[in-house]
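Asker: One structure coming up, written as structure tokens, with questions to follow.
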Amino acid sequence: MIITGIIGYPLDMTLSPRMHKAAFEAKNINGVYLEISVEPARIKEVLDSLRVIGCRGVNVTNPHKETLLLFLTKLSEEAKMAGAVNTIVFDNDDLIGYNTDIFGLETLLHNLKIELHERNILLIGAGGAGRAAAYVIRSLNPKTFYIANRNFQKARQLAQQFDATAINISKLHSPLLTTDMVINATSVDLQDDVTPFMQRGSLYVDLNYKFPHKKRDGITMVNGLEMLVQQGARSFSLWTGEEAPVDVMKKALGLNHD
Ligand code: NAP
């Protein structure tokens, strides 16, 4: 049996178990996806126990995405750059960290079929998801790249690492007027604060998949559901060595597949 799962604390309602269960069934794999709520102080003990029971790997969510790096013996290049992991793999004595959020966001943007290279981009948020988004935005070679965050110090650190400009979250108005894409990587709904100031033809991507999206004239509104599926698909492949049944995983979450 392939043992996988997700570790976080507190572990809020997560769609990942539904998606992975459907994927195991579709591929005829005898697999389980456990929901493991673990406080930061007990993380090492839980990782050791997962290894003992032969766990193949787990997804990692808050608050462990950055702190867990301490316990890993190897890191993928992307996870190293982003400084955050969302997937780990137990490989003999190694504990390997990956950041499949990066692949998830890259695929979401790619599937929109909108030209996003050399554009004006604003990232709001500098937590685990913000770090993955900063990596993806830098790869788009943006014309301008602003990063805002409630804790300005964190915005400044991330901006320094990804050659962006940190701005105060209370001073978004002026960059918003010329922004082509805003990515909200915070855990709060910013639609009402941000979209009224965005220009027509621009794109608002909210990595959160739970906020119901309002219609905004001339602005393409996208949530993080596609990203969730794609990051999960990549994790599934890392654990099983098999191609993930993406359409099945989308269907399990009520996403129309193309
Ligand atoms: P995180 O590491 O805890 O970071 C949270 C971010 O939200 C930080 O930038 C934090 O700012 C900001 N924030 C929290 N409360 C705020 C408030 N009241 N006002 C302004 N900013 C606030 O969480 P995360 O993992 O990066 O997740 C962020 C979002 O991305 C969540 O909505 C999550 O669901 C989503 N996400 C989606 C996917 C997907 O696959 N679609 C994957 C990962 C994450 P401070 O630094 O100032 O605290």
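The values are calculated or read from the model by the stated rules, or taken from the named source; none is laboratory data. Every value quoted in this text rests on a predicted model; they were computed, and no experiment measured them. Note that we place each Cβ from the backbone using ideal geometry, even for glycine, and neighbour counts take in every protein chain shown.
Asker: Free of Cβ contacts under 8 Å to residues at least 40 places away in the same chain, within 16 Å of the ligand (Cβ to nearest atom) and not small (Gly, Ala, Ser) - does that describe any residue in region 111-118? Working first, answer last.
Answerer: If we filter region 111-118 for residues that are free of Cβ contacts under 8 Å to residues at least 40 places away in the same chain, which is where we start, we get 113, 115, 117-118.
When the remaining residues are screened for being within 16 Å of the ligand (Cβ to nearest atom), the result is none.
Looking through region 111-118, none of the residues is free of Cβ contacts under 8 Å to residues at least 40 places away in the same chain, within 16 Å of the ligand (Cβ to nearest atom) and not small (Gly, Ala, Ser).
Asker: Return yes or no: is residue 122 of a type in the set (A, V, I, L, M, F, W, C) and without any contact (Cβ under 8 Å) to a residue 40 or more places away in the chain? Write out each step before concluding.
Answerer: On the way: of a type in the set (A, V, I, L, M, F, W, C): yes; without any contact (Cβ under 8 Å) to a residue 40 or more places away in the chain: no.
So residue 122 does not fit the description; no.
Asker: In region 39-69, what count of residues is obtained for those that are more than 16 Å from the ligand (Cβ to nearest atom) and under 20 Å from the mean Cα position of the chain (by Cα)? Don't jump to the end; show me each part of the working.
Answerer: Applying the first criterion (more than 16 Å from the ligand (Cβ to nearest atom)) to region 39-69 yields 41-42, 44-57.
Checking which are under 20 Å from the mean Cα position of the chain (by Cα) leaves us with 57.
Of the residues in that region, 1 qualify.
Asker: Which of the residues belonging to region 1-19 are hydroxyl-bearing (Ser, Thr, Tyr) and either at pLDDT 95 or above or not assigned by TED's automatic domain parsing to the domain that holds residue 248 (or both)?
Answerer: Answer for region 1-19, where residues must be hydroxyl-bearing (Ser, Thr, Tyr) and either at pLDDT 95 or above or not assigned by TED's automatic domain parsing to the domain that holds residue 248 (or both): 4, 9, 16.
Asker: Filtering region 199-236 down to residues that are away from the ligand (no atom under 16 Å from the Cβ) and hydroxyl-bearing (Ser, Thr, Tyr), which residue is nearest to residue 111 (Cα to Cα)? Step through it out loud before you land on a result.
Answerer: Narrowing region 199-236 to residues away from the ligand (no atom under 16 Å from the Cβ): 199-202, 214-220.
Those still in the list that are hydroxyl-bearing (Ser, Thr, Tyr) too: 202, 220.
Numbers: 202: 16, 220: 13 Å.
Residue satisfying both the conditions and the ranking: 220.
Asker: For a quick check of your reading of the model, give me the residue pairs whose first member lies in region 193-208 and is farther than 10 Å from residue 183 by Cα, whose second is surrounded by fewer than 22 Cβ atoms within 10 Å (Cβ to Cβ) and of a type in the set (Asp, Glu), with beta-carbon atoms closer than 7 Å and at least 6 apart or on different chains.
Answerer: The qualifying pairs are 202/180.
Asker: Any residue at all in region 222-235 that's touching a residue at least 12 places away in the same chain (Cβ under 8 Å) and either loosely packed, with under 15 Cβ neighbours inside 10 Å or assigned to a loop (DSSP other than H, G, I, E, B) (or both)?
Answerer: First, the residues of region 222-235 that are touching a residue at least 12 places away in the same chain (Cβ under 8 Å): 222-235.
Checking the rest, the ones that are also either loosely packed, with under 15 Cβ neighbours inside 10 Å or assigned to a loop (DSSP other than H, G, I, E, B) (or both) come to 223-224.
Yes: region 222-235 contains one or more residues that are touching a residue at least 12 places away in the same chain (Cβ under 8 Å) and either loosely packed, with under 15 Cβ neighbours inside 10 Å or assigned to a loop (DSSP other than H, G, I, E, B) (or both).
Asker: So residue 175 clears everything in (1) at pLDDT 95 or above; (2) under 20 Å from residue 130 (Cβ atoms); (3) more than 16 Å from the ligand (Cβ to nearest atom) except one condition, right? Which one?
Answerer: Of (1) at pLDDT 95 or above; (2) under 20 Å from residue 130 (Cβ atoms); (3) more than 16 Å from the ligand (Cβ to nearest atom), only one is false for residue 175: (1).
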